[in-house]
């Protein structure tokens, strides 16, 4: 078997980490769902409500991902499944609280909740531009809301834990982007080895609007060293603010000590918090 050239998660999911994500995540989700329900009940502005819906999905993903990272879960599938459960909790609690506010009825059971949702859908719950969504139209709107909250809270969570983890020292690595800008690399170029990566890295003067950027990942006391290569293009908005658009060419390539030292020698400034051993 050929040695691995790129980092992949070990797939380990500590029981404590799973319970932490599930319990603490559900508690946070219940609180966020209740706050969201109160907000959409009291705020009459549809555009603000739409932003709140997107925001809830995003915050849920960050919460689930952060807890999974704290629990040292190295399995994207497990993180995604836990985030799905956490997001469902937020969505369910939101319905309980919202119906309590709307109809002054406190219910907890799914079958009772379903009955109340159908009753509300038959008459409508709110109006926009003199239109009161009812029946299928309202169900479609609720469906879109659910997809944004549950889907957003689920699919983005694993991005928080999508960084290399050192199994030897039992810690997540730290990402540090090298200060040196390198000449633009062909985005279609295939780079499979550390030597090939080093071969394409030519420092440039930093004045162009497109260049290559290298990020290294390691941790204090760790022998795990990884590098990613991005092609960066700079754009400016109407206010002249710089925006970076990145296209990843190499992701988490494993480096031996010699390759790592050669890469760091190309950097124009010292990188803080990187102190690998041997």
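Considering only alpha-carbon pairs that sit under 8 angstrom and 6 or more positions apart, the relative contact order computed for the chain is 19 percent.
The radius of gyration of the Cα set in segment 166-265, together with its Dmax, comes out at 14.7, 48 angstrom.
Dividing the convex hull volume of the alpha carbon atoms of segment 41-186 by its residue count gives 197 Å³ per residue. The rule of thumb for compact globular proteins, 2.2 N^0.38 Å, goes into the C-alpha radius of gyration of the chain 1.29 times.
Rounded to the nearest whole angstrom, the semi-axes of the ellipsoid equivalent to segment 177-236, taken from the Cα gyration tensor as √(5λ), stand at 22, 15, 10, largest first. Helical runs assigned H by DSSP (4 residues or longer) give the chain a calculated mean residue ellipticity at 222 nm of -15000 deg cm²/dmol, each run adding -39500 (n - 2.57) before division by the residue total. In this simple spin-label approximation, residue 41 and residue 196 carry label points 7 Å from Cα along the Cα→Cβ vector, and these lie 5.9 nm apart.
Which angle between 0 and 90 degrees, to the nearest 10, do you get for helix 46-70 versus the longest principal axis of the chain when only C-alpha atoms count? Compared with the principal axis, the helix lies near 50 degrees. Just 174, 213, 112 to compare: in a GNM of the chain, with alpha carbon springs under 10 Å, which one fluctuates most? Residue with maximal mean-square fluctuation among 174, 213, 112: 112. In plain terms, the chain from residue 262 to residue 106 could stretch by 49.7 nm, reckoned as 0.36 nm per residue minus the Cα-Cα distance. Of the residues 254, 82, the one with the fewest other Cβ atoms within 10 Å heads the list, and the complete ranking is 254, 82.
Please give the FRET efficiency for residue 144 paired with residue 5, using the beta carbon to beta carbon distance and R0 = 45 Å, rounded to the nearest 0.05. For residue 144 and residue 5, the calculated efficiency is 0.60. As a calculated quantity, the FRET efficiency between residue 189 and residue 54 at R0 = 30 Å, using C-beta atoms, amounts to about 0.25.
Each reported figure results from applying straightforward, stated rules to the coordinates on display, with no laboratory input. Just so you know, these numbers come straight off a predicted model, no measurement behind them. Don't worry about glycine lacking a Cβ; one is built from the backbone with ideal geometry, like all the others, and counts go over all protein chains shown.
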